[in-house]
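What follows draws every value from the coordinates through simple rules; no lab data is involved. Model, not experiment: these values are computed from the prediction. Positions of Cβ are backbone-derived with ideal geometry, glycine not excepted, and every protein chain shown enters the neighbour counts.
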Amino acid sequence: MTTSVVLADTPALLDSCLKDISANGVTKVAVDLEGVELCRLGKLSIIQLFANGSNTVWLVDVTVLGSLAFSHVDPQGRSLKSVLESERVQKLFYDVRNDADALYNLYQINLVNVCDLQLLEVAVRRSAHLKVRLLSGLAKTIETYISTQAQWQRIKEEGIALFRPEKGGSYEVFERRPLDPRIIAYSAQDVALLFRLEMVLSSRMGNFEKNWKRRVMQASASRVQEAHSPSYSGNSKHRATAPSF
């Protein structure tokens, strides 16, 4: 299935996004965020959304829309805030912590029903009786569990070169409009893989999948609450340590 990418930077396009991610049969939405120093002290620039059964990755332009990105209500009474806070729809993230911090403290969004695939990856290793001390980043996890094409690596490297300071880039590139086409491609490609990643990880747990999934969901909710704490730091040196659950 070919996936298209749509930048939603007007209320009309946001209506189309809400219709797609709230369609009948949608039970899960993959979510990712991009921004400048993404946390309560930074700026949220883009929120990427991809619903199960859809062929469209939506990039909601928070830089252009501001708080309207979350508060705008479509003709059916739906908003991005209501979707993200819905118990009915599960949200797939990869390391939800800083995303939850930014959403809660900048836009008063309380994420509900989150499955953090970074924790699911920890569960895969622990279900194989491995001792897990450190977390795995998204790029490493994708490379480990999914056979990616050379194009994925090229898009990744082109995006990183634009925003990583050590590569000569700047995170402010996420705030510049019009968005660089390379940033659009970079922002869209990982969220488009989260459903596949969830399927592969779940298949690795065998007969213990249900038990581990329950524990992952509980630990994911704990991560969201941790990110709401006044003492939460998105740059803590302990962030790389795998939690017990």
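A simple spin-label model places pseudo-atoms 7 Å from Cα toward Cβ; at Glu166 and Val64 they are separated by 3.3 nm. The DSSP beta bridges internal to region 8-111 are antiparallel in roughly 75% of cases.
Classify region 37-112: rounded, prolate or oblate, from the alpha-carbon gyration tensor (a ≥ b ≥ c, eigenvalue square roots; a/c under 1.5 rounded; otherwise prolate if a/b is larger than b/c)? Don't jump to the answer; show the numbers that get you there.
Values: a/c = 1.43, a/b = 1.25, b/c = 1.15.
Rounded, because the longest to shortest axis ratio a/c is under 1.5.
Ellipticity at 222 nm from helices only: DSSP H runs of n ≥ 4 in the chain, each -39500 (n - 2.57), divided by the residue count, give -13000 deg cm²/dmol. Between Thr144, Thr27, Thr56, the residue with the greatest mean-square fluctuation in the GNM of the chain (Cα pairs under 10 Å linked by springs) is Thr144. Go through region 49-64 residue by residue and turn each phi into a ³J(HN,Hα) via Karplus (6.51, -1.76, 1.60, θ = phi - 60°); whole Hz please, and just put x for glycine and proline. Along region 49-64, the couplings run 9, 8, 8, 4, x, 8, 10, 10, 8, 9, 10, 7, 7, 6, 4, 7 Hz. Normalised by the number of residues in the chain, the average gap of Cα pairs under 8 Å and 6 or more apart makes the relative contact order 21 percent. Can you tell which of Val83, Ala219, Pro178 lies farthest toward the positive end of the dipole of region 4-237, using +1 and -1 charges on the Cβ of basic and acidic side chains (Lys, Arg; Asp, Glu)? Positive-end residue among those listed: Ala219. Applying a DSSP loop filter and a limit of 11 other Cβ atoms within 10 Å to the trypsin sites (Lys or Arg not before Pro) in region 30-92 leaves Arg88. Evaluated with a Cβ-only charge set (Lys, Arg +1; Asp, Glu -1), the chain carries a dipole of roughly 980 debye about its Cα centre, given to the nearest 20. Straight-distance candidates among the lysines for linking to Lys19, with alpha-carbon spacing under 26 Å and chain neighbours fewer than 8 residues away dropped: Lys28, Lys81, Lys91. Bridge orientation summary for the chain: considering DSSP beta bridges with both residues in this region, about 55 percent are antiparallel. If a/c stays under 1.5 just call it rounded; otherwise compare a/b with b/c (prolate if a/b is bigger, oblate if not). Do that for region 58-175, with a ≥ b ≥ c from the square roots of the Cα gyration tensor eigenvalues. It is oblate, given that a/c is not under 1.5 and a/b is not larger than b/c.
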